[in-house]
1. If Gly94 passes every condition in (1) surrounded by fewer than 23 Cβ atoms within 10 Å (Cβ to Cβ); (2) at pLDDT below 90 but one, which one does it miss?
2. Please identify the pairs in which a residue from segment 336-350 that is over 12 Å from Val406 (Cβ atoms) has its Cβ atom under 7 Å from the Cβ atom of a residue that is among the polar types (S, T, N, Q) and in a loop (DSSP other than H, G, I, E, B), counting only partners at least 6 apart or on another chain.
3. Scan segment 141-154 for residues that are touching a strand residue (DSSP E or B) at 6+ places or on another chain (Cβ under 6 Å) and either within 15 Å of Phe171 (Cβ to Cβ) or part of a strand (DSSP E or B) (or both) and jot them down.
4. With of a type in the set (A, V, I, L, M) and out of contact with any strand residue (DSSP E or B) (no Cβ under 8 Å at 6 or more places or on another chain) as the only criterion, which of Ala380, Ala334, Ala366 stands out?
5. Answer yes or no as to whether Gly128 is surrounded by 23 or more Cβ atoms within 10 Å (Cβ to Cβ) and farther than 19 Å from Ile90 by Cα.
6. Among the residues of segment 127-140, is there at least one that is part of a strand (DSSP E or B), within 24 Å of Gln68 (Cα to Cα) and either at pLDDT 85 or above or small (Gly, Ala, Ser) (or both)?
7. Could you check segment 344-364 and list, in sequence order, the residues that are of a type outside the set (A, V, I, L, M, F, W, C), closer than 15 Å to Ser323 by Cβ and outside any strand (DSSP E or B)?
8. Which members of segment 132-166 meet the condition of being more than 20 Å from Pro77 (Cα to Cα), over 38 Å from the mean Cα position of the chain (by Cα) and free of Cβ contacts under 8 Å to residues at least 60 places away in the same chain?
Amino acid sequence: MKKHLAQGFLIVLIFFVSAVAFYHTSQVRAQGDVGTLSGYLWSSNIGWVSMNSSNDSGSAGLYGVAVQATGADGFRPVVGYGWSPNIGWIKFGGLSGFPVVSGGSGTVSANARFNSNHIEGWARACAGTIIPDCTGNTRIDGWDGWIALSGSTHPVIGTTDDSGNTWFRGFSWGSDVVGWLDWERVIGTNMNLAGPQVNLSLSETDSGETRLTTTERDRVHLYWKTRNLPAGITQIQARAYKQGTVQDIPQDSIWSGTKQISAGGDLTNGFEAVGSYYFKVQYLDSVTNTYVSSNDVYVTIVPAFSFSIGPELLLKQAPGSVSNRSQVALNAPASFNGSVPLSLVSITGPSGTLTCGQQVTCSLSASVSRVTPAELELTARTQLPRGIYTVTISGPADGSTIVGTVPLRVGDSSATFEEF
């Protein structure tokens, strides 16, 4: 704890020093800059890191992070400074003496650069050096300021959309001090990254949410568009998710343009049950060994058949008392012209169960149709216990059993039902 407190105190002290030291140098832009980064990195440890002075009030002077043209080595250097109000300047490019990392981390010993559509190499928080200019010796308290921009387990990938904006996903690691830096809120301009894109929708024009009944579930069709997929990708995987359980949908071939995934078969098996689902399609990027996924689309499956019962039943305790009438309506597809036979399953409450033919006389229509509701009425045969009960009604339809409930309020003969 003392170590971290001391470290935090040192960071506050050098904050002002680093702001002055870099005020002028941060304004110098390298030759050949073609793209710029704006927006913010986010860390739960140090908060926001601005990538361009256009993001803030300019209290730190003029600064920014730029992406240069592709060099002879095939990489695009990333140069400039980001600004953190908590730890000061973060430098991209012009660094040396990179950390030695253990094998398999995937972190490249190089200055920040774009390799195709993903960033790699190192940046550095200048407060990690004794003189906070990113060139002096490392501090002696254990923090060196180095930030691994990308690794095998945390790639940062950029994709340029049709409007010319480049969006990022992924995390950089800055040790225990900086923590994980999220790139989601960083935007690139004039970068033209030929990154892969997979866009998913429920139709060729709609990418929103839809509600389907259980009898319509085989009508779900997924569409996707692909762009700039890596060479060699011949399969894409579609997946359905419900309540954290992953259910695979059969793979289909890649194509250019838009094409429908045929519904039916195993596809419908992914969402037979009533509930909310979301779908995505994805493929494995062999360079970063991570899945590139589309946006999510949502499908809510609701019962095709259901009961609506009301109003609630009100019944006095005294024998011979008759309740009001409650109606049972059938919710069914417009194509259904039949009827559903009805059964009164139970009447349960805090005082036990009321049985038809014993404590109460139950009058329930034999069946219900989509256009003609059924009626339910109860008559007390004995002195009934006071309380709120649940009347359960069921009927077979669509190969399953429909269940509906309605409250029954039993009250004292001299009391009003509003007392419940």
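The values are calculated or read from the model by the stated rules, or taken from the named source; none is laboratory data. Values in this document were obtained by computation on a predicted structure and should not be read as measured data. Cβ sites come from the backbone with ideal geometry, for glycine too, and all protein chains shown count toward neighbours.
1. (2)
2. Here the result reads Leu342/Ser365, each pair linking segment 336-350 to a residue that is among the polar types (S, T, N, Q) and in a loop (DSSP other than H, G, I, E, B).
3. Result: Trp146, Ile147, Ala148, Leu149, Ser150, His154.
4. Testing whether each residue is of a type in the set (A, V, I, L, M) and out of contact with any strand residue (DSSP E or B) (no Cβ under 8 Å at 6 or more places or on another chain) leaves just Ala334.
5. So Gly128 does not fit the description; no.
6. no
7. The answer is Gln359, and nothing else.
8. Passing the criteria: Gly136, Asn137, Thr138, Ile140.
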